[in-house]
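J.: Mind having a look at this structure? Questions to follow.
Please treat every number below as a calculation from the coordinates, not as lab data. Bear in mind the structure is a predicted one, so any value in this text is a computation, not a measurement. Cβ sites come from the backbone with ideal geometry, for glycine too, and all protein chains shown count toward neighbours.
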Amino acid sequence: MGRVDRKEQILQQAGYAYSFDRMIYFNRKSKKAFSVEFVEDHSEEELQRSISEEAKGEHWHFYFNSPPSEGVKSELESVLG
C-alpha cells in the first residue's frame, strides 16, 4: 500500500468523503476539509494530528497548504452545509 493510499485510508476511517468536484476530503460532522495538496504534502502523523484536533466553533476548518480566500471559504461552506 502506497503512502497516499494509507492517507486515504486514514481519512476514510475517520469518516471523511472525497469530493471530486472540489478536490477535497470533508467530514460534515467534524466540519473539517482537507485539500488534496495538503494530504499529499503532509505526513501521515501530521494528517492524523489535524484530524484529531478539536474543531471549535460553528465554522468549517480548512486544511490547505495556502489559506483559502474568504470567497472560497464561503462557497465551500454553502456547498458542504
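J.: Taking the conditions exactly as written (outside any loop (DSSP other than H, G, I, E, B) and either touching a Lys or Arg at 6+ places or on another chain (Cβ under 6 Å) or in contact (Cβ under 8 Å) with a residue 60 or more places away in the chain (or both)), does Val39 satisfy them or not?
T.: Yes: the conditions hold for Val39.
J.: Of Gln48, Gln12, which residue is surrounded by 10 or more Cβ atoms within 10 Å (Cβ to Cβ), out of contact with any strand residue (DSSP E or B) (no Cβ under 9 Å at 6 or more places or on another chain) and part of a helix (DSSP H, G or I)?
T.: Gln48
J.: Then there's this: Between residues in the range 52-76 that are under 17 Å from Arg28 (Cβ atoms) and in contact (Cβ under 8 Å) with a residue 12 or more places away in the chain and residues that are part of a loop (DSSP other than H, G, I, E, B) and of a type in the set (A, V, I, L, M, F, W, C), which pairs lie under 9 Å by C-beta distance while being six or more apart or on different chains?
T.: Here the result reads His61/Ala55; Lys73/Trp60; Leu76/Trp60, each pair linking the range 52-76 to a residue that is part of a loop (DSSP other than H, G, I, E, B) and of a type in the set (A, V, I, L, M, F, W, C).
J.: Still on this structure: In this structure, is Phe62 buried (at least 17 other Cβ atoms within 10 Å of the Cβ) and assigned to a strand (DSSP E or B)?
T.: In short, yes.
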